[in-house]
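The next block holds one structure in the form of structure tokens; read it before the comments.
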Amino acid sequence: MDILERLNPEQAEAVQQTEGPVLILAGAGSGKTRVLTHRIAWLISEKGVDPWQIMAITFTNKAAQEMRERVNKIVDFGAESVWVSTFHSACVRILRRYIDRIGFDTNFTIYDTEDSKSVMKEVIRKLNLDPKLYKERNILSKISSAKNEMISPDEFERNAVRWEEKNVAACYHEYQARLRQNNALDFDDLLVKTVELFQNDEQVLSYYQDRLRYLMVDEYQDTNTVQFAFIRLLSARYRNLCVVGDDDQSIYKFRGANIRNILGFEKVFPDAKVIKLEQNYRSTGSILNAANEVIANNVGRKVKRLWTKNGEGGKIRFKKFQNGFEEAEFVASDIREKHSREGLDYSAFAILYRTNAQSRLFEEKFMMANIPYKIVGGVNFYSRKEIKDILAYLKTVDNAQDDLAVQRIINVPKRGIGASSIGKVEAYAAEQEIAFYTALMEAENVPGLGRTASKIGAFTLYIQSLRSQKDYLSVRELTEKIIEDTAYVKDLEAEDTDESRARIDNINELISKIADYEEKADEPSLSGFLQEVALVADIDFVDDQEDYVLLMTLHSAKGLEFEHVYMAGMEDGLFPSYLTLTADDRDELEEERRLCYVGITRAKQTLTMTSAMMRMVRGETQYNKVSRFVREIPRELVDLGRDEETRRELRGSRNPMGGFLNFGGDADGFGSSSGSYERRQKAYGNDAGYGGYGGGRKTYGSGRSNAFSPRAFTVKKADKLEYTVGDRVRHVKFGVGEVTDIVEGGKDYEVTVDFENYGIKRMFASFAKLKKV
DNA sequence: TACTGGATTATTTTT
DNA sequence: TAATCCAGTA
């Protein structure tokens, strides 16, 4: 009976409640993963359920992988037969087997957001809509919501009243037609088509219903309508559906998450057993209390209050800064200090923020402070230009119908096939109703191509030769061959910039990813690799074993925990965002508050919140008040440190309603410190540090360039510099200037240069790569 | 056809 | 601020 040994009574009950519908309302840090994994173990060893009949669904691959590992640990054998996967990959697996039954080819490609955008752009052009009025992004998001709600193009059209919506309906129709033509599915289609398959093919549905007798869904609060339809259909026969979630952590409404799925679960399943987990094992008392107080301001929620046996712990630190630079500087130096003084691992820290754009400042400071870090989010590794180019070659070899991939690479590297020629081939393809690639093969029949026809011939010949080799080359060999033949890396080497070097690094990383895949996959194949790649999220790259500080949005942090958490940018207008503050819908603000709740409850030991009075947003300076969420935390739980300014401000504006923080009196958000801002400005030079520090270092992409090798940030200090004070040096971006000062620090030289066109900049020698002239 | 520079515009969050 | 788009030129 040792499966139940380390569980509290509620957890044990949840584990043993194996039959029928079960709703587990699991507060943050209440051990829901433990419950799920133990439940699987219980099913197998106590109830004698065949592991093959159990399915657990998560949202990210990382969560799936984690669950898999934990199940492996407690289940003696058969653990690998439990189907643990994300919604999307489960659907892909089902569709690869049966999608031909609803008229698709089983070797379909999966389009990412960027691919969808390109398709939509063509759709808008084709339908002669004004691109100023109809933005791909908007239309796609409308289509996406429709798909989430399982609304077909026809139904969408029927519902359309306004002329504008009818146009969107037309786009929806045309967009689907094109995906179909390219034998492609977008993200939402994976779910929609699976449900469609289930609804149209009794045999397939029956097969899965019979096989998957025990279904578990993690992060249930974030499921949308199609996902619900999916699990409902799957579980309809045996009705052993166990969902785990926390309505207070529902943060994906904008992406179609339907909170009614969790709030109304008992309506759909009246016999559902509901179990609440309210004991928190993660955070200190102060952190938990702060979280409870903040979330209590929401109206539409199931009331619960987390408690813990953990100690009170320290107070929550709140610090206010002049601007984002100081904020980032504080966080960086605070972490560095704790690392060196208290010997804490870097991986004990995480910085959470509202928008990805905020990561830049932290990245700069971390780089300067030589702190290993990793940014999650922003541009996905597989969305990088160079990676997408190479993948497009692989896709072209793999799936002749994927027009998008072919068009991407037809002129990469330059083959003298320009836009107008491509247009002619496209027109020909449309007229003949054949795929773009097929049209390329018949280039000599395309009118008006002239000499370009032979260039196209050379291209298709090359692709054909790759195709003829794909069966006896490994994916890795094929990829290396493409890189070699196209001189992709060679061209980048010739470019010889920081950016091109970062791209080469990424390509090498891709090759090792492929090697990895071929090593661990049961039956490695080109299609298999491309499919795996299509479904990875950035968070999946996080390696818990590596020692680095994690920087990510609050959204990405869901499901994670850290000893020490910094929540940055706690400002009204940023978090909660300006849009939600001005929205009439109160619900929007509540969702932001839930996001805040998620952030606070990530912290185990300490929580630090920071804000900046002045922040650069889109090249414009904003003055923000301290976030209302900070003010919702009881005064006695907050430590303001010795910051005189904040104290003074506080003293002047103590909230008469009780001991709560109140920064509301500070109408211009500027406090008493406008003077010191001017001082700062001078100190930083006129562009306030943007690009000033760090100099010519290119943080190509969104800083993920070193995603797989965080130690690459550890720059070696040069033994000696080739220039000294008074020398004239050249900088990649700032041009020529005179060295006015060199300060030797422990890890690097800090060089001050007076540039002819950019003024005085301070930078670290190892990053700036200055050359004496 | 390929490249450049100026104008334009975007920001919430991403499986 | 930074990425993207488009028009004009070589």
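Of the residues making up segment A:542-555, those that are near DNA strand B (Cβ under 10 Å from one of its atoms) and either under 18 Å from residue A:365 (Cβ atoms) or not in a loop (DSSP other than H, G, I, E, B) (or both) number 2.
Taking segment A:609-645 as the range and being surrounded by fewer than 24 Cβ atoms within 10 Å (Cβ to Cβ), more than 14 Å from DNA strand B (Cβ to nearest atom) and either in a strand (DSSP E or B) or under 25 Å from the mean Cα position of the chain (by Cα) (or both) as the test, the residues that pass are A:614, A:623, A:634, A:638, A:639.
Suppose we keep only residues that are outside any helix (DSSP H, G or I) and surrounded by 24 or more Cβ atoms within 10 Å (Cβ to Cβ) within segment A:587-607. Which one would you say is nearest to DNA strand B (Cβ to nearest atom)? Break it down stepwise before answering.
Pass one, segment A:587-607, residues outside any helix (DSSP H, G or I): A:601-607.
Now restrict to residues that are surrounded by 24 or more Cβ atoms within 10 Å (Cβ to Cβ): A:601-603, A:607.
Numbers: A:601: 18, A:602: 14, A:603: 19, A:607: 20 Å.
Checking each candidate, the answer is A:602.
Taken together, the residues in segment A:403-435 that are more than 16 Å from DNA strand C (Cβ to nearest atom) and of a type in the set (Val, Ile, Thr) amount to 5. Just one of the numbered conditions (1) modelled with pLDDT of 90 or more; (2) more than 16 Å from DNA strand B (Cβ to nearest atom); (3) assigned to a loop (DSSP other than H, G, I, E, B) is not true of residue A:663: (1).
If you check residue A:319 against the conditions, is it among the basic types (Lys, Arg), surrounded by 16 or more Cβ atoms within 10 Å (Cβ to Cβ) and assigned to a helix (DSSP H, G or I)? Judged against the criteria, residue A:319 is not a match.
Return yes when residue A:354 is touching a Leu at 6+ places or on another chain (Cβ under 9 Å), within 16 Å of DNA strand B (Cβ to nearest atom), within 21 Å of residue A:630 (Cα to Cα) and not hydrophobic (A, V, I, L, M, F, W, C) and no when it is not.
On the way: touching a Leu at 6+ places or on another chain (Cβ under 9 Å): yes; within 16 Å of DNA strand B (Cβ to nearest atom): yes; within 21 Å of residue A:630 (Cα to Cα): yes; not hydrophobic (A, V, I, L, M, F, W, C): yes.
For residue A:354, the condition - touching a Leu at 6+ places or on another chain (Cβ under 9 Å), within 16 Å of DNA strand B (Cβ to nearest atom), within 21 Å of residue A:630 (Cα to Cα) and not hydrophobic (A, V, I, L, M, F, W, C) - is met.
Looking only at segment A:330-343, residues that are closer than 19 Å to residue A:641 by Cβ and surrounded by fewer than 19 Cβ atoms within 10 Å (Cβ to Cβ) come to 8 in all. Filtered by the rule that a residue be surrounded by fewer than 24 Cβ atoms within 10 Å (Cβ to Cβ), touching a helix residue (DSSP H, G or I) at 6+ places or on another chain (Cβ under 7 Å) and part of a loop (DSSP other than H, G, I, E, B), segment A:219-241 gives A:236, A:237.
Counting only residues that are away from DNA strand C (no atom under 16 Å from the Cβ) and in contact with a helix residue (DSSP H, G or I) (Cβ under 6 Å, 6 or more places away or on another chain), segment A:610-633 holds 4 of them. Against the test of being closer than 21 Å to residue A:196 by Cβ, within 16 Å of DNA strand C (Cβ to nearest atom) and within 31 Å of the chain's Cα centre (by Cα), the options A:179, A:133, A:140 yield a single qualifying residue, A:140. Among the criteria (1) under 30 Å from residue A:53 (Cα atoms); (2) small (Gly, Ala, Ser); (3) out of contact with any Phe, Trp or Tyr (no Cβ under 9 Å at 6 or more places or on another chain), the one residue A:145 does not fulfil is (1).
If a residue has to be outside any strand (DSSP E or B) and of a type outside the set (S, T, N, Q) to count, how many in segment A:13-27 make the cut?
First, pick out the residues of segment A:13-27 that are outside any strand (DSSP E or B): A:13-21, A:27.
Filter once more, keeping what is of a type outside the set (S, T, N, Q): A:13-15, A:19-21, A:27.
The total comes to 7.
Taken over segment A:527-541, the criterion of being within 16 Å of DNA strand B (Cβ to nearest atom) and touching an Asp or Glu at 6+ places or on another chain (Cβ under 8 Å) is satisfied by A:534 alone. One residue stands out among those in segment A:419-443 that are in a loop (DSSP other than H, G, I, E, B) and of a type in the set (A, V, I, L, M): the one that is farthest from residue A:179 (Cα to Cα), which is A:434. Filtering segment A:253-262 to residues that are in contact with a helix residue (DSSP H, G or I) (Cβ under 6 Å, 6 or more places away or on another chain) and closer than 12 Å to residue A:220 by Cβ leaves A:257, A:258, A:261, A:262.
Of A:192, A:244, all but one fail to be in a helix (DSSP H, G or I) and under 29 Å from the mean Cα position of the chain (by Cα); the exception is A:192.
A search for C-beta distances below 6 Å between a residue of segment A:98-123 that is farther than 18 Å from residue A:530 by Cβ and any residue that is outside any helix (DSSP H, G or I) and charged (D, E, K, R), counting only pairs 6+ apart in sequence or on different chains, returns A:101/A:201. Look at (1) of a type in the set (S, T, N, Q); (2) more than 17 Å from residue A:382 (Cα to Cα); (3) free of Cβ contacts under 8 Å to residues at least 24 places away in the same chain and you find that residue A:486 fails only one, number (3). Scan segment A:488-500 for residues that are of a type in the set (D, E, K, R), out of contact with any Ser or Thr (no Cβ under 9 Å at 6 or more places or on another chain) and at pLDDT 85 or above and the total you get is 1. Within segment A:254-302, considering only helices (runs of 4 or more DSSP H) that don't extend past its boundaries, which have at least 1 residues that are free of Cβ contacts under 8 Å to residues at least 60 places away in the same chain and farther than 30 Å from residue A:315 by Cα? Fully inside segment A:254-302 and qualifying: A:260-263, A:265-268.
Restricting the first member to segment A:170-194 and to residues that are touching a residue at least 12 places away in the same chain (Cβ under 8 Å) and more than 19 Å from residue A:91 (Cβ to Cβ), and the second to residues that are surrounded by fewer than 23 Cβ atoms within 10 Å (Cβ to Cβ) and small (Gly, Ala, Ser), the beta-carbon pairs closer than 7 Å and six or more apart or on different chains are A:172/A:146. Residue A:251 falls short on exactly one of the conditions (1) more than 16 Å from DNA strand B (Cβ to nearest atom); (2) assigned to a loop (DSSP other than H, G, I, E, B), and that condition is (1). Residue A:95 versus (1) within 16 Å of DNA strand B (Cβ to nearest atom); (2) at pLDDT below 90: which is the lone unmet condition? Here residue A:95 clears every test but (2). Looking only at segment A:320-348, residues that are closer than 22 Å to residue A:376 by Cβ and of a type in the set (Lys, Arg) come to 2 in all.
The values are calculated or read from the model by the stated rules, or taken from the named source; none is laboratory data. Just so it is clear, the structure is predicted and the values come from calculations on it, not from any experiment. Methodologically, a virtual Cβ is constructed for each residue, glycine included, from the backbone with ideal geometry; neighbour enumeration extends over all protein chains shown.
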